[in-house]
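The values are calculated or read from the model by the stated rules, or taken from the named source; none is laboratory data. These figures come from a predicted structure and were not determined experimentally. With ideal geometry, Cβ positions are generated from the backbone for all residues, glycine too; neighbour counts draw on all protein chains shown.
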Amino acid sequence: MRVYGLDFTSAPGPGKPLTVAVCALDGDTLRLERLQRLAGLEGFESLLDSPGPWILGADFPFGQPRRLVGALGWPDSWEGYVARVAEMGKQRYEETLRAYIQQRPKGDKLHRRAGDVRAGAISPMKLDYVPVGKMFFEGAVRLLRSSVCVEPCHPTRDGRVVVEAYPALVARWALEGRRGYKEPKDARARALRREARAEILRRITGPGLRQAYGIALRLKPGDHDQALEDDRGDLLDSMLCAVQAARAWTRRGAGYGLPPDCDPLEGHIADPATG
C-alpha cells in the first residue's frame, strides 16, 4: 500500500516547501522510499490527483470547531461550510475569523475541536504565528475540490484516502514528553534540538514503534541523516505523518482508528493516542 506523509504549510515556496515522505506499507513494515519537496500548492493538488490506492496523512486541520460554524451561521456539514469558505475567498475568510475573535471575551476567543483537546493541539482558528487557520483554508478547500475520501469528514468509496495527522503526537511518544525538536533560536538550542531529533529517529526506527503503533519503520541512511540535520524538522514531521497514516490504514476496518463519537463536521486527528 502506498503511504504518504505530508508536512503542510499555507504559503509554500523555495525556502519553505511542502515536504512529502513517500512510503510503501508491506504487512506491518513501512519503508520510506524517498523524501520529496513540493514548492507550491499545485504540488499538493497533483498529489491528490495521483492514481490510487493510497493513504495520505496531512498535517493541517481539516475542519473548524462546531461552535464557530454555528455562531457564524455556516452550513451544518463539512462539505457545506468548506464550500462556503471557498466562495468567500481567503481575504474575506480571514477577515471573518478576525472579526469573530475580536468580539469574543478574553479567554474564549479561539475555540478548539474535540480532537484538538484530546491531542493538545492549538485552535484551527489561529491565523498568526502558527497560522493553522490559513492552513485549513488552503488545505481543506483543496480536499473538497478533489474526489478523495476524507476521513471522517467526507467519506467516499474512492481508493485515495486522506486522514488528518499531527506529528507532535508521535514526537511526544518518542521523547516521552514535550520537548522541542525543531526551529532552534540559538546555537545551544540547535544542539539540544538535534539531540531530540536523534532520539525521535532512534525510537521510530526501533522495536518500540511496533509495540505502540503496530508497524515498523525502515529508513535509508541518507534519509535518516537528512531528517537529523534539518533544523526546521519538516522532513522528520513528514515521516511522523506517514507513521500516523500507516497506523490508520491498518485500522481501516475499525473506522481508521478514529473514535466512534468523532464529529464529521469538525474532523479528528488520526492517532491511537487520541483514539
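For region 18-60, what are the residues that are part of a loop (DSSP other than H, G, I, E, B) and at pLDDT below 95? Don't jump to the end; show me each part of the working.
Keep residues of region 18-60 that are part of a loop (DSSP other than H, G, I, E, B), which gives 27-28, 39-40, 50-53, 59-60.
Result: 39, 40.
Just to be sure I understand, how many residues within region 27-49 are without any contact (Cβ under 8 Å) to a residue 12 or more places away in the chain and either out of contact with any strand residue (DSSP E or B) (no Cβ under 7 Å at 6 or more places or on another chain) or hydroxyl-bearing (Ser, Thr, Tyr) (or both)?
Going residue by residue through region 27-49, those that are without any contact (Cβ under 8 Å) to a residue 12 or more places away in the chain are 27, 33, 42, 46.
Then keep just the ones that are either out of contact with any strand residue (DSSP E or B) (no Cβ under 7 Å at 6 or more places or on another chain) or hydroxyl-bearing (Ser, Thr, Tyr) (or both); that gives 27, 42, 46.
Within region 27-49, residues that are without any contact (Cβ under 8 Å) to a residue 12 or more places away in the chain and either out of contact with any strand residue (DSSP E or B) (no Cβ under 7 Å at 6 or more places or on another chain) or hydroxyl-bearing (Ser, Thr, Tyr) (or both) number 3.
Out of the helices (runs of 4 or more DSSP H) lying entirely within region 185-273, which hold 1 or more residues that are free of Cβ contacts under 8 Å to residues at least 40 places away in the same chain, of a type outside the set (Lys, Arg) and under 16 Å from residue 25 (Cβ atoms)? Steps first, please.
Values: elements: 187-204, 208-213, 221-229, 234-250.
Output list reads 187-204, 208-213.
Residue 186 - would you say it is of a type in the set (Asp, Glu) and closer than 19 Å to residue 4 by Cβ?
no
Quickly run through region 162-178 and pick out the residues that are within 21 Å of residue 260 (Cα to Cα) and assigned to a loop (DSSP other than H, G, I, E, B). Quick ask: steps written out before the conclusion?
Going through region 162-178, the residues within 21 Å of residue 260 (Cα to Cα) turn out to be 162-166, 169.
Scanning region 162-178 gives 165, 166.
Confirm whether residue 197 is closer than 27 Å to residue 17 by Cβ, charged (D, E, K, R) and surrounded by fewer than 14 Cβ atoms within 10 Å (Cβ to Cβ). Even if it seems obvious, please write down each step before you answer.
Working: closer than 27 Å to residue 17 by Cβ: yes; charged (D, E, K, R): yes; surrounded by fewer than 14 Cβ atoms within 10 Å (Cβ to Cβ): no.
Spelling it out, it is not the case that residue 197 is closer than 27 Å to residue 17 by Cβ, charged (D, E, K, R) and surrounded by fewer than 14 Cβ atoms within 10 Å (Cβ to Cβ).
What number of residues in region 46-63 are over 16 Å from residue 239 (Cα atoms) and touching a Lys or Arg at 6+ places or on another chain (Cβ under 6 Å)?
Narrowing region 46-63 to residues over 16 Å from residue 239 (Cα atoms): 46-53, 61-63.
With the extra rule that they be touching a Lys or Arg at 6+ places or on another chain (Cβ under 6 Å), the set shrinks to 52.
Count: 1.
Just wondering, is there one or more residues in region 148-161 that are surrounded by 14 or more Cβ atoms within 10 Å (Cβ to Cβ), in a loop (DSSP other than H, G, I, E, B), among the β-branched types (Val, Ile, Thr) and touching an Asp or Glu at 6+ places or on another chain (Cβ under 8 Å)?
Taking every residue of region 148-161 in turn, at least one turns out to be surrounded by 14 or more Cβ atoms within 10 Å (Cβ to Cβ), in a loop (DSSP other than H, G, I, E, B), among the β-branched types (Val, Ile, Thr) and touching an Asp or Glu at 6+ places or on another chain (Cβ under 8 Å).
With the structure loaded, tell me whether residue 93 is among the aromatic types (Phe, Trp, Tyr), touching a residue at least 40 places away in the same chain (Cβ under 8 Å), surrounded by 15 or more Cβ atoms within 10 Å (Cβ to Cβ) and in contact with a Cys (Cβ under 8 Å, 6 or more places away or on another chain) or whether it fails that test. Can you show your working first?
Working: among the aromatic types (Phe, Trp, Tyr): yes; touching a residue at least 40 places away in the same chain (Cβ under 8 Å): yes; surrounded by 15 or more Cβ atoms within 10 Å (Cβ to Cβ): yes; in contact with a Cys (Cβ under 8 Å, 6 or more places away or on another chain): no.
When the stated conditions are applied, residue 93 does not pass them.
Can you tell me which residue within region 1-26, out of those that are touching a residue at least 60 places away in the same chain (Cβ under 8 Å) and out of contact with any strand residue (DSSP E or B) (no Cβ under 7 Å at 6 or more places or on another chain), is nearest to residue 201 (Cα to Cα)?
Once the filter is applied, the top-ranked residue is 16.
Can you tell me which residue among 129, 181 is at pLDDT 95 or above and either surrounded by fewer than 17 Cβ atoms within 10 Å (Cβ to Cβ) or assigned to a loop (DSSP other than H, G, I, E, B) (or both)?
On the way: 129 fails: at pLDDT 95 or above.
Residue meeting the stated conditions: 181.
Criterion first (surrounded by fewer than 18 Cβ atoms within 10 Å (Cβ to Cβ) and in a helix (DSSP H, G or I)) does residue 80 satisfy it? Spell out the reasoning first.
Details: surrounded by fewer than 18 Cβ atoms within 10 Å (Cβ to Cβ): yes; in a helix (DSSP H, G or I): yes.
Taking the combined requirement at face value, the residue satisfies it.
Of the residues 172, 190, 160, only one is basic (Lys, Arg), more than 17 Å from residue 251 (Cβ to Cβ) and touching a strand residue (DSSP E or B) at 6+ places or on another chain (Cβ under 9 Å); which?
Working: 172 fails: touching a strand residue (DSSP E or B) at 6+ places or on another chain (Cβ under 9 Å); 190 fails: touching a strand residue (DSSP E or B) at 6+ places or on another chain (Cβ under 9 Å).
The match here is 160.
Under 7 Å by Cβ, and 6 or more places apart or on different chains, what pairs join a residue from region 111-132 that is within 19 Å of residue 72 (Cα to Cα) with one that is hydroxyl-bearing (Ser, Thr, Tyr)?
Going by the 7 Å Cβ cut-off, the qualifying pairs are 111/123; 112/123.
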